[in-house]
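The structure appears below as structure tokens.
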Amino acid sequence: MLSAENRQIRLARRPEGEVRPGDWEHVTEAAAAPGEGQFAGRTRFISLDPAMRGWLDDRPSYLPPVGLGEVMRAGSVVEVTESTHPGFRTGDLVAGTFGVQEHVVSDGRGTLKIQPDTASPSTFLGALGMPGMTAYFGLLDVGALKEGETVVVSGAAGAVGTMVGQIAKAKGCRVVGIAGGAEKCALLTGELGFDAAIDYRTENVRKALRTHAPDGIDVYFDNVGGEILDAALACLAMHARVVVCGAISQYNATDGVRGPSNYLSLLVRRARMEGFVVFDYAPRFTEAAREIGGWIADGRIKVLEHVVRGTVDDFPRTLQMLFRGENTGKLVLELV
Ligand code: NAP
């Protein structure tokens with residue numbers, strides 16, 4: 001077989017604030033052939049995740065930072081092109097952390113073979129992948145959601161947020177989403193069945209929360225941090241749970257993360273605020289995927305994906321879309 005070229009995106013320098021084109025190196029090398037017990041694959045879909053911004057900083061976190069000169073870490077779906085691994089055959093679709101590159105070689109560890117008849121391959125990077133798992137365990141386990149409660153989710157029109165709101169509806173809760181722009185808010189209350197939506201770009205979030213959650217918030221699922229977190233803290237019900245999932249409004253901060261000033265509301269409301277990392281739930285992913293799959297099949301959960309078609313060279317500008325609110329639902333780059 002002729003050796004193919006493997007286009008890759010590597011980290012050239014650590015960004016200050018927003019990631020810039022010069023922070024990346026676009027490299028072409030020969031695609032490697034699979035060794036004994038390995039398969040080679042061609043990348044079909046690459047996942048874009050806000051967490052990627054944190055992986056670029058050289059500071060302690062739940063994963064080591066991406067090293068300078070290394071291929072950018074990313075979840076992706078690849079199609080097997082050649083295999084000496086007994087568990088993988090040519091044509092199989094496999095999800096894994098394969099990085100931003102056109103061709104991969106893997107021994108199959110830490111990967112998931114996709115059954116293409118269950119859902120579109122990209123859905124294994126979204127509703128049935130890491131964001132879906134994040135919504136499920138964040139809401140049900142960390143948030144300890146109970147039927148009939150009032151749930152508020154920020155970043156509500158994104159990959160995790162759309163799943164949080166729909167899972168909460170499936171569990172019989174009242175759901176208020178916070179998102180940027182009238183179009184996203186209309187989608188939440190229309191197609192996705194949220195009870196109310198707040199446009200944080202034009203509305204006073206605290207006032208709107210008082211209107212839409214008059215008895216207080218039982219579970220606040222926070223994807224954005226900053227001022228929106230503060231507004232939600234001011235509107236908690238007794239024994240509320242604040243789920244710290246992420247804080248995208250703070251990821252590009254160059255002068256330190258802005259902490260909440262309304263935290264004493266936790267005391268007054270006897271509330272709890274707890275963070276989590278989805279990877280800790282890996283042993284239970286199959287259980288969650290089964291339940292989410294059931295909700296997708298019976299129409300209670302709609303899968304929202306924002307697919308950008310291009311090449312690995314489009315990765316840097318596609319990543320920026322997350323920080324500019326240009327995606328609705330799960331953002332993926334489909335290699336064409
Ligand atoms: P996403 O919501 O699909 O995309 C990011 C969205 O964030 C944008 O569409 C934008 O929507 C919003 N945003 C960007 N800048 C903002 C700002 N300054 N203030 C308010 N909103 C802003 O991304 P995702 O993959 O679902 O991730 C959501 C959050 O979950 C992130 O914080 C991520 O780090 C976190 N996460 C955590 C875990 C975990 O294990 N804890 C796992 C996965 C994801 P608008 O147009 O509405 O502004």
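Listed by first and then second residue, the pairs with beta-carbon distance under 8 Å, at least 6 apart or on different chains, first residue in the stretch 121-150 and within 17 Å of THR97 (Cα to Cα), second in a loop (DSSP other than H, G, I, E, B) and at pLDDT below 95, are ALA127/ALA119; LEU128/THR118; LEU128/ALA119. Remark: pairs (first residue in the stretch 69-86, touching a residue at least 60 places away in the same chain (Cβ under 8 Å) and in a strand (DSSP E or B); second residue surrounded by fewer than 20 Cβ atoms within 10 Å (Cβ to Cβ) and charged (D, E, K, R); Cβ separation under 7 Å; 6+ apart in sequence or on different chains) = VAL71/ARG10.
Return yes or no: is ALA168 more than 10 Å from the ligand (Cβ to nearest atom), among the hydrophobic types (A, V, I, L, M, F, W, C) and surrounded by fewer than 24 Cβ atoms within 10 Å (Cβ to Cβ)? Spelling it out, it is not the case that ALA168 is more than 10 Å from the ligand (Cβ to nearest atom), among the hydrophobic types (A, V, I, L, M, F, W, C) and surrounded by fewer than 24 Cβ atoms within 10 Å (Cβ to Cβ). Taken over the stretch 233-289, the residue count meeting the criterion of being of a type in the set (S, T, N, Q) and either within 22 Å of VAL151 (Cβ to Cβ) or without any contact (Cβ under 8 Å) to a residue 12 or more places away in the chain (or both) is 4. Consider PHE221 against the criteria (1) in contact with a Leu (Cβ under 8 Å, 6 or more places away or on another chain); (2) away from the ligand (no atom under 13 Å from the Cβ); (3) within 24 Å of GLY325 (Cβ to Cβ): it satisfies all of them except one. Which criterion is unmet? Result: PHE221 passes all but (2).
Residues in the stretch 281-324 that are part of a loop (DSSP other than H, G, I, E, B) and surrounded by 17 or more Cβ atoms within 10 Å (Cβ to Cβ): 3 in all. Note on the stretch 233-264: residues that are more than 22 Å from VAL278 (Cβ to Cβ) and aromatic (Phe, Trp, Tyr) total 1. Taken over the stretch 1-21, residues that are at pLDDT 95 or above, of a type outside the set (A, V, I, L, M) and either touching a Pro at 6+ places or on another chain (Cβ under 9 Å) or part of a loop (DSSP other than H, G, I, E, B) (or both) amount to 8. Of all the criteria given as (1) surrounded by fewer than 21 Cβ atoms within 10 Å (Cβ to Cβ); (2) within 8 Å of the ligand (Cβ to nearest atom); (3) more than 22 Å from LEU63 (Cα to Cα), the one not satisfied by SER261 is (2). The number of residues in the stretch 205-232 being on the phi > 0 side of the Ramachandran plot and without any contact (Cβ under 8 Å) to a residue 40 or more places away in the chain comes to 2.
May I ask you to verify whether GLU18 is closer than 26 Å to VAL307 by Cα, touching a residue at least 60 places away in the same chain (Cβ under 8 Å) and in contact with a His (Cβ under 9 Å, 6 or more places away or on another chain)? So GLU18 fails the test. Looking at ARG89, is it buried (at least 17 other Cβ atoms within 10 Å of the Cβ), free of Cβ contacts under 8 Å to residues at least 40 places away in the same chain and of a type in the set (Lys, Arg)? For ARG89, the condition - buried (at least 17 other Cβ atoms within 10 Å of the Cβ), free of Cβ contacts under 8 Å to residues at least 40 places away in the same chain and of a type in the set (Lys, Arg) - is not met. Quick one: is THR118 β-branched (Val, Ile, Thr) and either at pLDDT below 95 or at positive phi (or both)? When the stated conditions are applied, THR118 passes them.
Residue under question is ASN252, and the condition is that it be within 15 Å of the ligand (Cβ to nearest atom), part of a loop (DSSP other than H, G, I, E, B) and modelled with pLDDT of 95 or more; does it hold? Yes.
The values are calculated or read from the model by the stated rules, or taken from the named source; none is laboratory data. Note that the structure is a prediction, hence the values are computed from the model and not measured. No Cβ is skipped: glycine too gets one built from the backbone with ideal geometry, and neighbour counts run over all protein chains shown.
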